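Please read the structure below before turning to the comments.
The values are calculated or read from the model by the stated rules, or taken from the named source; none is laboratory data. Please read these numbers as outputs of a predicted model, since none were measured by experiment. When we count neighbours, we look across all protein chains shown, and the Cβ atoms used for this are built from the backbone with ideal geometry, even at glycine.
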Amino acid sequence: MTPFCEHFELGRVVDPPVLACASCVEIGDTWVHLRQCLTCGRTGCCDLSRNKHATAHFQVTGHPMIRSVEPGEDWLWCYPDDRLYQLDSATDDGPAPDGSDAISARRSSTGSR
């Protein structure tokens, strides 16, 4: 397993995500998938969406980590390190106390962050 990057914080808590991209709503547009900033909690649209508001939020703020808001998608993304963290939801026992066996990390240059 690839070690965690310096931006990864296990147990980071933000408010529940908004189930809309506020920036898209503001301009009267739509989105494909939603992502939530793990620094401030802002919800934005993914890179498959026309406006890519989640990535634009990172570019403006430097907030490094997002998570998917989509049902069935359990992953985190680190923009600066181009790294995907796939959460292991396959076990019913829950993660180990340090989370090490519940999360796998890999570098990726593709996807719909």
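Candidates are the residues of region 3-30 that are among the β-branched types (Val, Ile, Thr) and not in a loop (DSSP other than H, G, I, E, B); the one that is surrounded by the fewest Cβ atoms within 10 Å (Cβ to Cβ) is Ile27.
Here Leu76 passes the criteria (1) surrounded by fewer than 12 Cβ atoms within 10 Å (Cβ to Cβ); (2) of a type outside the set (Gly, Ala, Ser); (3) assigned to a strand (DSSP E or B) except the one numbered (1). For the residues Leu76, Leu84, Leu34, Leu48, the requirement of being of a type in the set (A, V, I, L, M) and in contact with an Asp or Glu (Cβ under 9 Å, 6 or more places away or on another chain) singles out Leu34. When region 1-60 is filtered for residues that are within 19 Å of Gln86 (Cβ to Cβ), modelled with pLDDT of 95 or more and of a type in the set (Gly, Ala, Ser), only Ala54 remains. Checking the structure you have, find out if any residue of region 91-100 is crowded, with 18+ Cβ neighbours inside 10 Å, at pLDDT below 95 and under 27 Å from Pro3 (Cα atoms). No, there is no match, as no residue in region 91-100 is crowded, with 18+ Cβ neighbours inside 10 Å, at pLDDT below 95 and under 27 Å from Pro3 (Cα atoms).
Residues in region 31-62 that are small (Gly, Ala, Ser) and part of a loop (DSSP other than H, G, I, E, B) were compared, and the one that is surrounded by the most Cβ atoms within 10 Å (Cβ to Cβ) is Ser49.
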